[in-house]
Amino acid sequence: MRIATELAGYTPGQADVLRKAMGKKKPEEMAAERQRFVEGMVKNGHRRELAEQLFAEIERFAQYAFNVAHSAAYALISYQTAYLKAHFPVEFMAALLTSVAANSDKVKVYVDACRQMGIPVLPPSVNESRGEFWPEQGGVRFGLLAVKHVGEPAVAAILAARQAGGRFRGLTDFCRRCLQAAGSGSAFNQRVVESLILAGALDEFGSRAALLAALAGVWQQLQRSRTGSRAARSVQTASLFGPELEGLQAGPAGGEQEADKLPALSDSLAQRLAGEREALGFYLSGHPAEPWRDRLEMFRDAAVGELVETGQDGASVQAAGLVLNDRRLTTKSGHPMRRFVLEDETGAVEVLVFPRSLEAFEGVQEGRPALVWGSLSRDDDGSVTLIGDGAMPLDRVVLVRLPAAAAGPGGGPAAGVRMVEQVAEV
């Protein structure tokens, strides 16, 4: 600010505007300040070349600048973080995941990081999980608080019921005991159980499809039992001091709950993964693109996650993955365009299809794998978009190898003839 006021004639208010532009790291705002700064220095009798050179230094500093006093603290935190990650990787990743449990996008990033580090991410379980992510058997056990629609009160009820009565033995036993632990509030409800089933937290009791099909009946039965218990208490003064949820505790003699009678339903891979995405915000036990892994690797330049991480702005790329969140939009001038997400097992990238290329995407459908080619666009904040030029459903793509017309010396291709990999539509 002193440079701007003393050399370029800025007022304190104008100098503060320049400071804010540097702090926000917005190139367009810095570009707007360039002329004012240079002309101000020239007006104060300085050479234009010096003014241009000085502002260039200010622009470069603005690309990454912060208070010097922060440096030592950042260095110490970086050292501590690196030490913990190197020597206690499982514990470190469990703590990191717990810190972002409410943000499914960040949870996915760190779950992927665990896999890259060779750390197993164990699925959520009502008999094993805690509220937070926790080190277990050399891996990280998924925390119940990261399951959507399952808040802290519901998790507290689950943990209290498990501590009081031991492991849950089935769907009915789980719902009954957790309802009892939750009391008269609505923290533990049918939606909570549905989310836990979709997330795989009750897999040891049966298939997810069967548990979901049985849940409504189980819940109705428990609600009737609770209502009956309350009605009985209102007319039987002798039971005045009995437990409010006495009816929910009823079960066969010996404390063993009657086994759940579940329908004979099994889960398809697509159903399981769709449920996980609904309950967790991402796929945990697999990815819908996995059956296409060989074809994805055959045709893509690189995995989507790698393109997003290291792809250069403006680079021509060929990517393959599953088409998700497909939306048809309209430009300001009224022309149709398209926006969707291309996702594989490593990451996702947003694809923009402008009107000029829209026809080349006609065969691409949501929920199906596709091969997409175009150019990467990397914003100043690091976000990456793939500007689509063309696409083709992955199941309609073949690799054609054109053999050499004649062999050259040593059995290789003759001059001017080479092996070509070409993508063609069947």
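Couple of notes before you dig in:
- Summed over segment 110-129, the residues that are part of a helix (DSSP H, G or I) and either touching a residue at least 60 places away in the same chain (Cβ under 8 Å) or more than 15 Å from residue 94 (Cβ to Cβ) (or both) give a count of 3.
- Total residues in segment 181-203 satisfying the condition of being surrounded by 23 or more Cβ atoms within 10 Å (Cβ to Cβ) and part of a helix (DSSP H, G or I): the figure is 6.
- For residue 307: the one exception among (1) surrounded by fewer than 16 Cβ atoms within 10 Å (Cβ to Cβ); (2) within 27 Å of residue 112 (Cβ to Cβ); (3) hydrophobic (A, V, I, L, M, F, W, C): (1)
- Annotation note: of 308, 349, 341, the sole residue that is free of Cβ contacts under 8 Å to residues at least 24 places away in the same chain, within 30 Å of residue 24 (Cβ to Cβ) and under 21 Å from the mean Cα position of the chain (by Cα) is 341.
- Scoring residue 384 on the criteria (1) within 30 Å of residue 147 (Cα to Cα); (2) touching a helix residue (DSSP H, G or I) at 6+ places or on another chain (Cβ under 9 Å); (3) surrounded by fewer than 17 Cβ atoms within 10 Å (Cβ to Cβ) leaves a single failure, condition (3).
- Residue 81 farther than 30 Å from residue 134 by Cβ and of a type in the set (Val, Ile, Thr): no
- Considering residues of segment 376-400 that are part of a strand (DSSP E or B) and among the hydroxyl-bearing types (Ser, Thr, Tyr) only, the residue farthest from residue 63 (Cα to Cα): 385
- Taking the criterion of being under 28 Å from residue 171 (Cβ atoms) and part of a helix (DSSP H, G or I), the residues of segment 95-107 that qualify are 97, 98, 104, 107.
- Residue match in segment 53-76 (condition: within 30 Å of residue 2 (Cβ to Cβ) and touching a Phe, Trp or Tyr at 6+ places or on another chain (Cβ under 7 Å)): yes
- Filter pass, residue 59 being in contact with a helix residue (DSSP H, G or I) (Cβ under 7 Å, 6 or more places away or on another chain), in a helix (DSSP H, G or I) and not assigned by TED's automatic domain parsing to the domain that holds residue 119: yes
- Residue-level check: of (1) part of a helix (DSSP H, G or I); (2) out of contact with any strand residue (DSSP E or B) (no Cβ under 6 Å at 6 or more places or on another chain), residue 148 misses just (1).
- Residues in segment 62-94 that are part of a loop (DSSP other than H, G, I, E, B), of a type in the set (Ser, Thr, Tyr) and either within 30 Å of residue 136 (Cβ to Cβ) or within 27 Å of the chain's Cα centre (by Cα) (or both): none.
The values are calculated or read from the model by the stated rules, or taken from the named source; none is laboratory data. Because the structure is a prediction, the values reported are computed rather than measured. No Cβ is skipped: glycine too gets one built from the backbone with ideal geometry, and neighbour counts run over all protein chains shown.
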